[in-house]
Structure formats: C-alpha cells, structure tokens
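First comes the structure, then the notes that go with it.
The values are calculated or read from the model by the stated rules, or taken from the named source; none is laboratory data. A quick note: this is a predicted structure, and the numbers were derived from the prediction, not measured. Here the Cβ positions follow ideal geometry from the backbone for every residue, glycine too, while neighbour counts run over all protein chains shown.
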Amino acid sequence: MRCKLVLVLWLAVGSLPGTGCHTVVQTNCFEVPRGGHGLEPGQIVVARFRAEFYQGVVFTVRGKLVTVMWDEPPPEKSHLPLGWVQPVSDPAARVREGDPALCDLGDNGRWSLCQVKRVDREVVTVIPVTGSDATVPRDRVIPVPKGLTAWARKRLDQLLEQRKLQATINPTAPLNAGSPVTVGQTVLAMWGSGGWWEATVRTVGGGSVTVSWGDGSGEATMPASKVAPLPESSTLSPGDLALCSWSGSKQWFPARVDRVEDKELHITYRDGTKGVVQHLRCAPAR
C-alpha cells in the first residue's frame, strides 16, 4: 500500500530524481530505519536518558536527531540529540586518565558515570561515583558522548565530592548511647537499621528500654545501648561529627559542624545539604 501511494504521487508530480518515499509522502509513510554521522540502524550505543545512561540500539538517524530503542528503561523509544549518543564499539574512541567516562558495572543495561584512574592494556581502573574503585574490561569503558563532556565533568566533580563527604561524615551513634534514661524522657533510639529517631521512654529494665516513637508509629523494645538521651548542653566545635535533626522530621541525620554561633550551628549533612539548627538539636556522635 505504501509503494502504491508513492507511485501515484510520483506520476502526479512528474519526474523527481532521487526522491524516496520518506521524502515525498513523509506524513503518510512508516518510519524507515536509516543511519548517518557514523551511526547505523541496529548499532549498539549508550545514550543519556534523563540524568542517567543506558544501553540501546540505533533505530534511525535523521539529521542530528537519533532515535534509540532502549534495552531496559521506558519509554520504549526516545529521540535524542546526536551529541548524547556514543557507540559501544568505536575503534576511534579512547579514554584517558582523568577523563570522565561511561562504565559498564553490570547494572542491567545501565552505564555509570565514572572517572578514569588508570588505563592498562586489557583493563581500565575507574572511580565510580558510588562504591569503591573498580577494574573494568577495556571494551566496557567508553567516552562520554561529545555533546555531554562539559556536563559530565561538572556532574562527576559534584558526585565525587559528595562521595568523599559521605565517607567523611559517617557517624554511627550518639556518643552517649547507652547512658541511663528514665521513664518519660525524650531520647534518640535506633530504629532497626533505619537510623536514629526521637522517641519517649516507656519502660526501663533488664538491660532493655521500651520506647514509643515520636512519629506515632508505635512502640519498640531494644537494648539500652541503642538509646541515647537528648543533649542537655552543647560541646560541639567546628569539624565535629554529630547527629542532627531535620526540619519537620523526627529522624536525626549524620552531619558535620561547620560553624558555631551563639544560638545556632551551621552544619553539612552527609548528602551535602547545608543546614542551620539550634545547639541542642545536634548530638555529638562517634
């Protein structure tokens, strides 16, 4: 049916040398896979989807617009700028020490932004934005698409700085965890592996403490070592680690004290967020 439509139109308008279906009756034709700019239909690539990178297959190239069919993430097909797409196999592509790159760390089609640490003959040592350094086969480390190089450098710097911050700001418990508490006292208590939360002591005895959670989620009994009185005075100084409250939440989060003022502490939370809290809303931590 498509070819009959093309023939009728071609006869109606006369000889149009070199004109194809997709040009003459573009609005009435099916999308025909085609390549360009060194990309061909069926070629395996890695491309940006939102702020992440995923593996996919080139479906068509039209000018500087590439249609990629994804292996994993929705939507099934995306139309992307040419500068957002990088072939997985590209003999001309090279990664160098210090460069941002895309690394296949075995995450089901997702490629991670990483920094090249060392290039050997068969493998590349990379610094992922999460986790520890990794050694990856050389053919599974590719350059960032050309149109995203500046963005990738800035993004990588931000993520690696956050990674360093998380490694530095990593207190696990208040310094006074395990200190004596009394019934009715407001405390911090450890909720399983879910961090430290405000609670009220209900019973004490036999090395255990029963608390009711400040967010109204019921009661829990735990070892006394997982309960800490709230601070009654502040001894925190710049550089100290602490657990600090967050506005509107009953959970206290790992933080570092940056500056101490008369009534407030200027802090940096583990995720890099800056905050200002009252002195007694931060507990010294180990």
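Structure data summary
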{"item": "Complete set of residues in segment 133-154 that are over 18 Å from the mean Cα position of the chain (by Cα) and part of a strand (DSSP E or B)", "result": "T135, V136, P137, V141, I142, P143"}
{"item": "Residue within segment 103-114 that is aliphatic (A, V, I, L, M), touching a Phe, Trp or Tyr at 6+ places or on another chain (Cβ under 6 Å) and within 11 Å of V141 (Cβ to Cβ) present", "result": "no"}
{"item": "Only one of L82, L105 that is among the aliphatic types (A, V, I, L, M), assigned by TED's automatic domain parsing to the domain that holds L160 and touching a residue at least 24 places away in the same chain (Cβ under 8 Å)", "result": "L105"}
{"item": "Leading residue by the ranking (nearest to the chain's Cα centre (by Cα)) among those in segment 77-94 that are outside any strand (DSSP E or B) and either surrounded by 15 or more Cβ atoms within 10 Å (Cβ to Cβ) or at pLDDT 95 or above (or both)", "result": "W84"}
{"item": "Failed criterion for T125 (all others in (1) surrounded by 15 or more Cβ atoms within 10 Å (Cβ to Cβ); (2) farther than 20 Å from Y54 by Cα; (3) without any contact (Cβ under 8 Å) to a residue 12 or more places away in the chain; (4) out of contact with any strand residue (DSSP E or B) (no Cβ under 8 Å at 6 or more places or on another chain) hold)", "result": "(4)"}
{"item": "Considering residues of segment 95-112 that are at pLDDT below 95 and of a type in the set (A, V, I, L, M) only, the residue nearest to the chain's Cα centre (by Cα)", "result": "L105"}
{"item": "Residue in segment 220-230 that is of a type in the set (V, I, T), part of a strand (DSSP E or B) and under 27 Å from the mean Cα position of the chain (by Cα) present", "result": "no"}
{"item": "Every residue from segment 174-196 that is within 26 Å of the chain's Cα centre (by Cα), assigned to a loop (DSSP other than H, G, I, E, B) and closer than 18 Å to S245 by Cβ", "result": "W191, G194, G195"}
{"item": "Evaluation of G106 against (1) assigned to a loop (DSSP other than H, G, I, E, B); (2) farther than 26 Å from K154 by Cβ (one fails), failing number", "result": "(1)"}
{"item": "Of the criteria (1) assigned to a strand (DSSP E or B); (2) of a type in the set (D, E, K, R); (3) assigned by TED's automatic domain parsing to the domain that holds T130, which one R202 fails", "result": "(3)"}
